1. Of Ile83, Ile142, which residue is outside the structural domain of Cys417 (by TED's automatic domain parsing), in contact (Cβ under 8 Å) with a residue 40 or more places away in the chain, out of contact with any helix residue (DSSP H, G or I) (no Cβ under 6 Å at 6 or more places or on another chain) and not polar (S, T, N, Q)?
2. On the given criteria, is Ser266 under 25 Å from Ala381 (Cα atoms), touching a residue at least 24 places away in the same chain (Cβ under 8 Å) and among the small types (Gly, Ala, Ser)?
3. Restricting the search to the range 313-333, which residues are under 21 Å from Cys396 (Cα atoms) and modelled with pLDDT of 70 or more?
4. Can you find, within the range 415-447, the residue that is modelled with the highest pLDDT among those that are surrounded by 13 or more Cβ atoms within 10 Å (Cβ to Cβ) and among the polar types (S, T, N, Q)?
5. Consider the range 303-315. How many of its residues are surrounded by fewer than 16 Cβ atoms within 10 Å (Cβ to Cβ) and more than 11 Å from Phe377 (Cα to Cα)?
6. Take the residues in the range 378-403 that are in contact (Cβ under 8 Å) with a residue 40 or more places away in the chain and polar (S, T, N, Q), then tell me which one is farthest from Phe531 (Cα to Cα).
7. So Phe505 clears everything in (1) surrounded by 13 or more Cβ atoms within 10 Å (Cβ to Cβ); (2) under 27 Å from the mean Cα position of the chain (by Cα) except one condition, right? Which one?
8. Checking Gly393 against (1) out of contact with any Asp or Glu (no Cβ under 8 Å at 6 or more places or on another chain); (2) on the phi > 0 side of the Ramachandran plot, which test does it fail?
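The values are calculated or read from the model by the stated rules, or taken from the named source; none is laboratory data. Predicted, not measured: the structure shown is a model, and the values here were computed from it. Note: ideal-geometry Cβ built from the backbone for every residue, glycine included; neighbour counts use all protein chains shown.
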Amino acid sequence: MDHKFSKSQYFVSCSITLLYVGLIAAAYFDISTCPYVYDRPASSAPLRGPDVKQVCSDAADIHRSLFASLAVEGGFSCHMVDIIVWAYVVGLLIFMSYKYIVYRLQGFHYFFLDYCYFHNSGLLCFLLWRLVDVKWSEKPIISWSSHRPSWGGLHGDGDNGTNVAMGTAVSAVINQTYRHPILTSTPIRGESWVRLIVPSVTRNYRFDGVYLPVSFDILTCGYVVAHLTEAEVISSFVVFFTLLAGTFGPILGAILMWRNALLFHSFDRMSSCYLHLAPGIVQSLLLHRLFTSARREIESVDAGQLYEDVTGIAKQLNVPVDSLLPSVHTLMCSMSDASAAAAENATTNVGNTHRGPARLISSVFSTLTAKQQQLRFTQYAATHQLEALCGYGTLCYDLRRAVTYGNLLRLHFIMFCVWQAFYHTFNEWRRHARVRRWKKRLAKLERQERKFTQITGATETDAVLLHPAAVMSEGGAGSPAERMTSYTWMMAHPPGGRKGILARFVLLFGESRLPTTVMFQATQLLLHVFFFTCSYPVIHVCFHYTLSAWPLLALVLVFGCLCVYNAACVNHKWILKLQQIASKAMEAESQDELTKSMAQATAKAATKKVQ
């Protein structure tokens, strides 16, 4: 048998899975029914759906501390997403600690440098960054500002730099040009997101010494989202969507490749399954809360006022109205039957089969007065609220502009490069450190050998016996640079076997260290892109059509069912193998009994002949 089977661990794993599924279902419906507020207090977007005073008063009613909120309200209502998030955090710490101990006992090293653990650690840091508020001491316990005076200026001028940057951003809204979102500009407006994030970072982090944490508080998800500044919104969006691309790409895709490693037959297998499914669950629930906020924001938007404000902004920015309000293009294409027929006739007369109808419909729509256009838009919004009101200044519009295939792929590529740099830097640093330590120990042993031979007059063969056994057995095959890492393990056990397509591609330029490492990382990148491309249609449907997280949760559920199916297949194989072993044992036992009976019969016949 390839894996150890434990009935108790299998039962506990299945019980934890059922409990977690129940919490997920409760959290999903809890988010759908609870009031939720999303506010961008520092945003200078000229359009707001709800009344600003009402939004701010609702946001102020949200409890800041999770424990205080649970104590006041006396229940978990409207806090199930917080429970799921912190269950993920605690479970991740427990499982990673367990796997660290198990791997070290088995002689495996640096498995936490694998992408799965790197991705989960990144999501853990993101959640702690946003949900844990730490208060630091006023004065540093260790200060180096006196030694580095220029560093103190960085901290002292942080607030001024932030105010200048934010003031510049506010004054630039009127005369700004329309640009593309994330990576070049914010999803909220055309300002560079670097100009907004960097001043906030330099203000929040202190560089003039080491400060002592005085207290910390766990914040509720509702409070955090309702009180984010615009710089925090942009930085949170960038990090969250970067993790989202990895979650619904290579993390879930690994379940298809490592079917025997993601099971429920032991804590080790169950923890691996948890590490691949839990990030998708947590991020889907957070998206569900974000989508709920976006839909309720749209429900409170007045269609006529929205169209009037957007047309005014379009004139100021000198851009088409349908670029800020995409539903206008749909409205123009769904004009009356007479306009469509006229457009078709114009197409046949002019001979242009591509641009004629669209131009004529646009011209027909533009001949209407502003009030008539606003009235038509209001009528269209009455029957197609979500599609019509997802315009400039709304959270829905920001999300749809930010989430595209190219943006998410670029963000994931950046994360992949960061992971590779971290992986190889740490691995090579540790390898060279082991080599240096090995050489020092060998030099020390050589000095001891020379000293021993000089004093006792023994031969070199006798002196070699003084080598400690621990030194001789260190590393793979006595080499200190060799460790059983995730890279070496996957090179020895590639998906599809040593003669599979992936193994042949990795070994295309030989089996030496440098070409195999380069080809191995290239193969990983191609697989990441492939799995992300396969899962992006589901992401696109969530953001651009349904504005709901249920397709993503359904995708995670499919992969969860795949894990259960793989576990059932392994169970079936194990049962067949046990049945074969039992049948062979029974056959051997019956054969022994037959042999004994024949021997007894022969002995009786011999005794009768003697008598």
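1. Numbers: Ile83 fails: outside the structural domain of Cys417 (by TED's automatic domain parsing).
Answer to the selection: Ile142.
2. Working: under 25 Å from Ala381 (Cα atoms): no; touching a residue at least 24 places away in the same chain (Cβ under 8 Å): yes; among the small types (Gly, Ala, Ser): yes.
For Ser266, the condition - under 25 Å from Ala381 (Cα atoms), touching a residue at least 24 places away in the same chain (Cβ under 8 Å) and among the small types (Gly, Ala, Ser) - is not met.
3. Across the range 313-333, the qualifying residues are Ile313, Ala314, Leu317, Val319, Pro320, Val321, Ser323, Leu324, Leu325, Pro326.
4. So the residue we want is Gln420.
5. So the answer is 2.
6. Here the answer is Thr378.
7. For Phe505, the exception is condition (2).
8. (1)
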